[in-house]
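The values are calculated or read from the model by the stated rules, or taken from the named source; none is laboratory data. What you see is a predicted model; the values in this text were computed from it and never measured. For neighbour counting, all protein chains shown are included, and Cβ atoms are generated from backbone atoms with ideal geometry for every residue, glycine included.
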Amino acid sequence: MTKDYYKILGISEFSTQDEIKKAYRNLVRKFHPDVAGNSDEIVSRFKDINEAYEFLSDSFKKSDYDKARKFYNYAESKKEYNNQYKNTKNTTNPNYKKTKTEEKKSENKQTEEKQNSFSFNWEEFIKNFKTETETKRIQTPQKGKDINTDVEISVLESINGTTKTINMLKTQVCPKCGGRKFVNGSACKHCHGKGDISEYKKFNVRIPAGIKDKSKIRLAGEGEKGQNGGKNGDLYLTIHIAGVNEFATEGNNVLKTVPISPFEAVLGAAINIDTPIGKVSLKIAKGTRSGQKIRLAGCGLENNGLYGDMIVTIEIQIPKQISPDELNLYKKLQEISINSVR
Ligand SMILES: [Zn+2]
């Protein structure tokens, strides 16, 4: 008794995993006892479909199955060949009397036949094979996979340190079927035959003060669950500091060029600017020149409890669009100007 899983799923032995999955899904839709009825024939067919998929969808089981199938087919063809050979002899000469040497030959042939047509008990093979692979899986501890994820923080948070709540999708091996996708020949109801389960998990992660952009934080054991007593994987967080490129740094000091309008330069102004520690009001003195530097003490980066400064370089910029009114005023300014800058 044998089961050809490829025939059961109506596919060839060269089918890809996608084709196997597709064939399986179509058959499940067609032969599910809820749809096709509860007759013994349907139930047993449905079981066969699931068993076939259980073997063919698992590369480990599939390669062993393929070997056994080849072996079985070989044994069968050998048996068939021997039977044909015997039949030919019998039909050609039904009343043929064997000589002594021929009797000896015939004896030899019988032992040969015995060797070639060894009985291959399929049911037994599957039973043993299942227990063997399952014990193998139970006994081998496997470390869970590491998980990588990104966390974005502000420059200020990178300076002071912060606590972030991370909501992460974690995939783990289905606890019901242990990743085998099947329970007693039918698709596992807990994981819907997927073999693993994905769930969101919240973490509170402490991010230390002074953390650098793109540095990694490792949370040991927070990766995917290990199997068979294997260790859990780790969770790696890559820290991204938002707006870190807005500032150039020089040690603990941060440098930034800030544009102002000509009238702000002449009349003075108070403008809001972004610094690593948040928004700060910057006083522009009357008659500020382009290229003038203003030092904001303590607005830089922190290192061992000491804060650097922020150094602002002022750049007087002409707006891209000037209204006719503004242009008239500039003309007026030109007429009444008393001092040349050259
Ligand atoms: Zn499951």
Quiz item: Listed residues E302, E326, E315; which is acidic (D, E), touching a residue at least 40 places away in the same chain (Cβ under 8 Å), surrounded by fewer than 14 Cβ atoms within 10 Å (Cβ to Cβ) and not assigned by TED's automatic domain parsing to the domain that holds I211?
Solution: E315
Self-check item: Sole exception among (1) modelled with pLDDT of 95 or more; (2) in a loop (DSSP other than H, G, I, E, B) for E315, by number
Solution: (2)
Self-check item: Those residues of the stretch 155-178 which are under 30 Å from I211 (Cα atoms) and either modelled with pLDDT under 85 or buried (at least 19 other Cβ atoms within 10 Å of the Cβ) (or both), in sequence order
Solution: V155, L156, E157, S158, I159, N160, M168, L169, K170, T171
Exercise. Would you check which residues across the stretch 179-208 are exposed (fewer than 14 other Cβ atoms within 10 Å of the Cβ) and either near the ligand (Cβ under 7 Å from one of its atoms) or over 30 Å from Q17 (Cα atoms) (or both) and list them?
Key: H190, K201, K202, N204, R206, P208
Practice problem: Consider only pairs whose beta carbons are under 7 Å apart and that are at least six residues apart or on different chains; among these, list those whose first residue lies in the stretch 165-184 and is within 11 Å of K225 (Cβ to Cβ) and whose second residue is within 12 Å of the ligand (Cβ to nearest atom) and of a type in the set (D, E). | Solution: T171/D196; Q172/D196; V173/D196; C174/D196; G179/D196
Quiz item: Which of the residues belonging to the stretch 5-27 are without any contact (Cβ under 8 Å) to a residue 40 or more places away in the chain and either assigned to a helix (DSSP H, G or I) or in the same structural domain as S186 (by TED's automatic domain parsing) (or both)?
Solution: K7, D18, E19, I20, K21, K22, A23, Y24, R25, N26, L27
Quiz prompt | strands (runs of 3 or more DSSP E) wholly inside the stretch 212-291 that include at least 3 residues being touching a residue at least 60 places away in the same chain (Cβ under 8 Å) and assigned by TED's automatic domain parsing to the domain that holds V173 | solution = 235-242
Exercise. Select from the stretch 292-312 the residues that are in a loop (DSSP other than H, G, I, E, B) and in contact with a helix residue (DSSP H, G or I) (Cβ under 7 Å, 6 or more places away or on another chain) and list them in ascending order.
Key: L301
Self-check item: Residues located in the stretch 190-208, provided they are assigned to a loop (DSSP other than H, G, I, E, B) and among the charged types (D, E, K, R)
Solution: K194
Practice problem: Tell me which residues, restricted to the stretch 33-74, are in a loop (DSSP other than H, G, I, E, B) and exposed (fewer than 15 other Cβ atoms within 10 Å of the Cβ). | Solution: G37, N38, S39
